Number of protein chains: 2
Amino acid sequence: MSEIIRIRMDDGSVTREKLSNEEIRIGGRALTSKIISEEVDPACDVFGSHNKLVFAAGPFAGTTVSCANRLSVGGKSPMTGGIKESNAGGNVAYKMGKLNLRGIVLEGIPTTKELQILYVSKDRIELVPASQYRSMPVYETADKLREEFGKKVGMAIIGPAGEQLSMAAGIGCTDNEGRPSRFAARGGIGAIMGSKGIKAVVIDDTGAKGPEIADREKFKTAQKAITQEILNNEQVAETYTKLGTPGMVNITNSMGALPTRNFSRGSFEKADEISGQKMYETIKARGGEGNTSHSCMPGCLIRCSNVYADASGKESVAPMEYETIGLMGSNCGIGDLDIIAKLNYACNDLGIDTIDMGGAIGVAMEAGLLEFGDGEGALKLMEEVRNNTPLGKILASGGQRTGEILGVRRIPACKKQIMAAYDPRAIKGLGVTYATSTMGADHTAGQTIRAELEHTNSKGQIEASRNAQVINTMIDCLGFCFFTGSGINKKFEMIVELMTAFAGSECSLEDLKEISRETLRMEKDFNIRAGLNDSDDTLPEFFYTEENPDAKTVFDISKEAMQKIFTLE
Amino acid sequence: MSEIIRIRMDDGSVTREKLSNEEIRIGGRALTSKIISEEVDPACDVFGSHNKLVFAAGPFAGTTVSCANRLSVGGKSPMTGGIKESNAGGNVAYKMGKLNLRGIVLEGIPTTKELQILYVSKDRIELVPASQYRSMPVYETADKLREEFGKKVGMAIIGPAGEQLSMAAGIGCTDNEGRPSRFAARGGIGAIMGSKGIKAVVIDDTGAKGPEIADREKFKTAQKAITQEILNNEQVAETYTKLGTPGMVNITNSMGALPTRNFSRGSFEKADEISGQKMYETIKARGGEGNTSHSCMPGCLIRCSNVYADASGKESVAPMEYETIGLMGSNCGIGDLDIIAKLNYACNDLGIDTIDMGGAIGVAMEAGLLEFGDGEGALKLMEEVRNNTPLGKILASGGQRTGEILGVRRIPACKKQIMAAYDPRAIKGLGVTYATSTMGADHTAGQTIRAELEHTNSKGQIEASRNAQVINTMIDCLGFCFFTGSGINKKFEMIVELMTAFAGSECSLEDLKEISRETLRMEKDFNIRAGLNDSDDTLPEFFYTEENPDAKTVFDISKEAMQKIFTLE
């Protein structure tokens, strides 16, 4: 049976526990939220000894099932004050799965200020002194760690931002080629890691055999079915594989949902300059190290990731995602992929969430620190962050606090976390998710853009959000990627088959949905005990009062109506 | 009957309403909290059109009853997110009372960015354009306003901090000689005024006759009794009148309750250098403009205020209060009254709360920006605030956010507002007040230092805090000063007599306490609707886990126990 290992930061002690039979299906967000909810005092100091940081793989991690190797990272969030699960692609969860590890829990805080590395292999779990990594940027850290621990290790790394307990700090995870750029970005999860004094978790799966599977033959059959479904999916090939997430730019722009100039409108006059099509053509034209389609996780067949190259063909950043383009691009009035790539790289290197940093730059522009569209100015702001100046510290605390400090009223955040790149007036179901999610304004918490309803009409949005929250959470709990549903044409029975074979006991879709609902209930309960309540389940006032001129709407779903969403069926 | 006037910021319209008979006893905090609680959406954007700013006088304002001319200012707080009443001495409430005005309500927000002055006299209520006052410091503004509106006007003024919506911004009110240094300081009440585009409220009571009093003879008799009680009170003369609030330094220092170096301990090795005795002797020795005893409000017989002069005898700041000395002095390791006076003046001039700024400098010292005890460094930080640099903006947002931005874990705040100058481990009843007050960590919300119980023992503290909260709130609701109880030896029947004569209907102490309880209930209800709940009614974790070495205690009253405090008798 898979294991959970716990490492105490105060004395370095390690304990291992096997999952119980009942827990065989519990992974990813179900596991992080279960541990945080059951073991962490919701009122605790987020950087104190009572908070925990949990890395969790899904049940299928360590196999090559497509899309099934996401890593969940959870804790009490410095950003929202509530529970948080932030997840990332890359190879960390895969290697955890190979080691038959479902979870790694960092507990307590260290008694000294010395940094450490947590090294985990088949035979060894060890805290390694790491003073030499102090303040080191993420990419350099990854290179140095490879020198120290070998080329093939998987790594979850924090940058200077995490070490400094900056609230927008994320955790960079290595992809298939070792780039530490698949981020568990949101909610300040990297700052919790900083408070634990852990610069990186290094997973070495040498000699590891992978997870125990009850019925290997049946599992293979189920995996094959998923593989075929994805490979036969032309829409996936045409959109996700070819254009990747940036393909979303044209879609949201035409809906009036592309955040533009600090969410003051929903269409951007330079949308064509930052679209997925433009990126595809640019990468193709430039050649060199660029790549229009790339797997971030072992086994992934959707390959929505990319490698963006500069004019000389040299890798600029990989990947460049829609959320980054929306927040650091159009939201800042910046219509230049090369500049956005540099901003993206700087965020990765410092270990900062691009969404919250894009929001922070957007409100800084609204405050008049620089003009909307000033890409060079935005890059200079990233230098402020790199140099850890007071202004840099403000920005690294995320968009909400930046707005508060700069006296800006229009802050596009819920539970103090900046919204993903969809205007909630134009996609109202997602607006309901932003408002009511236990996580703050995450798009992956319950995306409704694919739901069949009129997105600017308030009707049916609460139900759409609820359905999306249950399904998206189910996906998170299984360690699957957000795109799995599209990949398999929502034939979730395929995952049920997989689980039945994996666990060796009958499983229904309802069983998996119930894990999701139970996770949402635990999270909501944690948040209430942490001091967040129904009053926090709303959007900022300006979305209710200022029309989005491109979607021609305000947000008009009342807080009272949204509060009923968690009366789950 | 007294009036309330309402001024809309969007169209400049003015409405007047007479108090109803039932409202004759409702003033001060009872009035601000009633209006905010009944009329403001608790979930609203604090700087948006739905928040209101209420100036309220007590029922006896405009008379010369000692201690009865405090001004309450209320709104939804930018600092705490909950309801706020911040009160100040000075002559503004007195002049409102002379005009028979119980309340002034600023509603809506302006449609342009132009600053305005609200001028109120017997015959005129007018918004006056005031662009020339943009970014002007408080003292200069007061001088210029006197040139414009006459020497005898009372004024409530914001500084640059309020204009910039800084969360630690207060409102400076003029004292008897016109110094704009009696601050309604806490909770960012000055930033609400900034969001209304009002630089100052100017009250001209020329020709005004004062409040209607039902039974003037009986009132005079009741007033005389209060006067005699205070004049005969030797303890008042020895402590409040002679040493003023700084007399508290020696008391708290000996209790281990004097915040020292960011609340890391409760006694300060240089306490003698910043004590009331030291201040008294210094002022006496220096002569010149210094004054050891001074009335801030018309009619005050306690005269706890002072004028602190520099070595040349020139006025340095007036007044210098215990809270400022505790937060900007010992809490920052600064043992020099001349430096504290300069810090105090800078805060006043910029329109900033000295408590939250002292807390902010304390956490900045803990973050390593400067050393504890570095007075010149602290003055330089005030220059950062004056120059509105990024670091200045951080500090002006108060201690909680400064700590968050700088990555400091030990932030001595409740509901995001820095504590007054009493360590809650050494005076546990006040700790209960800090935790449970609707207002955040205000000492005047329920001070237990005079309660007869062992302050470091957890026993009886919840009851002591509850009693103090009810009595202190009653005092706030009547427009009386916090020191009234000591002044009249807790003979509150004297105030009952006064109220009976004033209103012309029988009144009991129970009636006045019920106004207080009802006010507390409304406030708590507002806070819950605003998203604050029982989980916010606690102290920061470090007070529970780190011993105050001078009081030799940790705070050990559980959140669960404290939550029961609002089950008011």
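The values are calculated or read from the model by the stated rules, or taken from the named source; none is laboratory data. Worth saying up front: this structure is predicted, and the values here are computed from it rather than measured. Ideal geometry is used to build each Cβ from the backbone, glycine not excepted, and the neighbour counts take in all protein chains shown.
Observations, loosely collected:
- The residues listed here are B:TYR422, B:TYR434; of these, the one that is among the aromatic types (Phe, Trp, Tyr), in a loop (DSSP other than H, G, I, E, B), touching a residue at least 24 places away in the same chain (Cβ under 8 Å) and under 21 Å from B:THR245 (Cβ atoms) is B:TYR422.
- Looking only at segment A:524-549, and only at residues there that are among the acidic types (Asp, Glu) and more than 17 Å from A:PRO412 (Cα to Cα), the one that is nearest to the other protein chains (Cβ to nearest Cβ): A:ASP534
- Residue that is farthest from A:GLY392 (Cα to Cα) [pool: residues in segment B:371-403 that are outside any helix (DSSP H, G or I) and away from chain A (no Cβ under 13 Å)]: B:GLY373
- When A:ALA191, A:ALA208, A:ALA257 are screened for being modelled with pLDDT of 95 or more, in contact with a Gly (Cβ under 9 Å, 6 or more places away or on another chain) and within 14 Å of chain B (Cβ to nearest Cβ), only A:ALA191 passes.
- Evaluation of B:ARG521 against (1) within 21 Å of B:THR80 (Cβ to Cβ); (2) touching a Lys or Arg at 6+ places or on another chain (Cβ under 6 Å); (3) more than 10 Å from chain A (Cβ to nearest Cβ) (one fails), failing number: (2)
- Matching residues in segment A:73-115 - criterion: being hydroxyl-bearing (Ser, Thr, Tyr) and closer than 11 Å to A:ASN51 by Cβ: A:SER77
- Of the listed requirements (1) in contact with a Lys or Arg (Cβ under 7 Å, 6 or more places away or on another chain); (2) in contact (Cβ under 8 Å) with a residue 12 or more places away in the chain; (3) under 29 Å from B:GLY368 (Cβ atoms), A:MET382 misses just one: (1).
- Considering segment B:45-72, the residues that are surrounded by fewer than 24 Cβ atoms within 10 Å (Cβ to Cβ) and away from chain A (no Cβ under 14 Å) include one that is farthest from B:CYS300 (Cα to Cα), namely B:LYS52.
- Screening A:ILE565 on (1) at pLDDT below 95; (2) crowded, with 17+ Cβ neighbours inside 10 Å; (3) assigned to a helix (DSSP H, G or I); (4) within 14 Å of chain B (Cβ to nearest Cβ) shows it passes everything except condition (4).
- Members of segment A:374-397 that are more than 19 Å from B:VAL385 (Cα to Cα) and either more than 26 Å from the chain's Cα centre (by Cα) or among the aliphatic types (A, V, I, L, M) (or both): A:ASP374, A:GLU376, A:GLY377, A:ALA378, A:LEU379, A:LEU381, A:MET382, A:VAL385, A:ALA396
- The listed residue being in contact with a strand residue (DSSP E or B) (Cβ under 9 Å, 6 or more places away or on another chain), more than 14 Å from chain A (Cβ to nearest Cβ) and not polar (S, T, N, Q), out of B:ASP336, B:ASP353: B:ASP353
- Residues (closer than 27 Å to A:VAL307 by Cβ and not β-branched (Val, Ile, Thr)) located in segment A:188-222: A:GLY190, A:MET193, A:LYS199, A:ALA200, A:ASP204, A:ASP205
- Within this structure, B:GLY75 fails the test of being surrounded by 24 or more Cβ atoms within 10 Å (Cβ to Cβ), touching a strand residue (DSSP E or B) at 6+ places or on another chain (Cβ under 9 Å), touching a residue at least 40 places away in the same chain (Cβ under 8 Å) and closer than 17 Å to B:CYS296 by Cα.
- Hits in segment B:478-488 - residues which are under 15 Å from B:ALA222 (Cα atoms) and of a type in the set (S, T, N, Q): B:THR484
- Counting only residues that are assigned to a loop (DSSP other than H, G, I, E, B), more than 30 Å from A:ALA413 (Cα to Cα) and in contact with a Lys or Arg (Cβ under 9 Å, 6 or more places away or on another chain), segment A:255-296 holds 4 of them.
- Qualifying residues in segment B:404-414 (those that are facing chain A (nearest Cβ under 10 Å), part of a loop (DSSP other than H, G, I, E, B) and within 25 Å of the chain's Cα centre (by Cα)) - the one surrounded by the fewest Cβ atoms within 10 Å (Cβ to Cβ): B:ARG410
- Candidates B:GLU3, B:GLU23, B:GLU39 - the one that is over 30 Å from B:GLU497 (Cα atoms) and surrounded by fewer than 24 Cβ atoms within 10 Å (Cβ to Cβ): B:GLU39
- Test: residue in segment A:519-538 that is modelled with pLDDT of 95 or more and at positive phi: no
- Qualifying position, being surrounded by fewer than 19 Cβ atoms within 10 Å (Cβ to Cβ) and either in contact with a His (Cβ under 9 Å, 6 or more places away or on another chain) or part of a helix (DSSP H, G or I) (or both), among A:ILE495, A:ILE462, A:ILE475, A:ILE449: A:ILE449
- Total residues in segment A:116-134 satisfying the condition of being assigned to a loop (DSSP other than H, G, I, E, B) and among the hydrophobic types (A, V, I, L, M, F, W, C): the figure is 1.
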